[in-house]
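No value in this document is a laboratory result; all are computed from the given coordinates. Keep in mind that what you see is a predicted model, and the values were worked out from it rather than measured. Positions of Cβ are generated from backbone atoms using ideal geometry, with glycine treated the same way; all protein chains shown enter the neighbour counts.
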Amino acid sequence: MAVKIRLSRTGSHKKPFYRVVAASGEKAVQKKFIEILGTYNPCSNTRQFIIDKDKFDKWISLGAKPSNTVMSLVKKQAE
């Protein structure tokens, strides 16, 4: 079973809010996930991105593959 770290959309119409989740690669984006790793709010003035670095590193070490969007957000936060 391939685990992916990706964004799961929540929030209302025209007000998106995303969770950064570890989920099975076979499941749809809005379906069940294994663990919440953080949040991303693109509508705030500062585009708030919060991630638990310890959980993220744990899933990476277990072989989870982050999506391109999550990887770019993590790299921007590290700068």
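Computed quantities for the displayed model
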| read-out | value |
| --- | --- |
| Mean Cβ count within 10 Å, highest first, over the residues of peptides 16-25, 49-58 | 16-25, 49-58 |
| 18 Å Cα-Cα threshold exceeded, pairs from Lys55/Lys75; Lys15/Lys75; Lys53/Lys76; Lys4/Lys32; Lys4/Lys55; Lys53/Lys75 | Lys15/Lys75 |
| Charge sum, other residues only, whose C-beta stays under 10 Å from Ala22's C-beta, Lys/Arg counted +1 and Asp/Glu -1 | +3 |
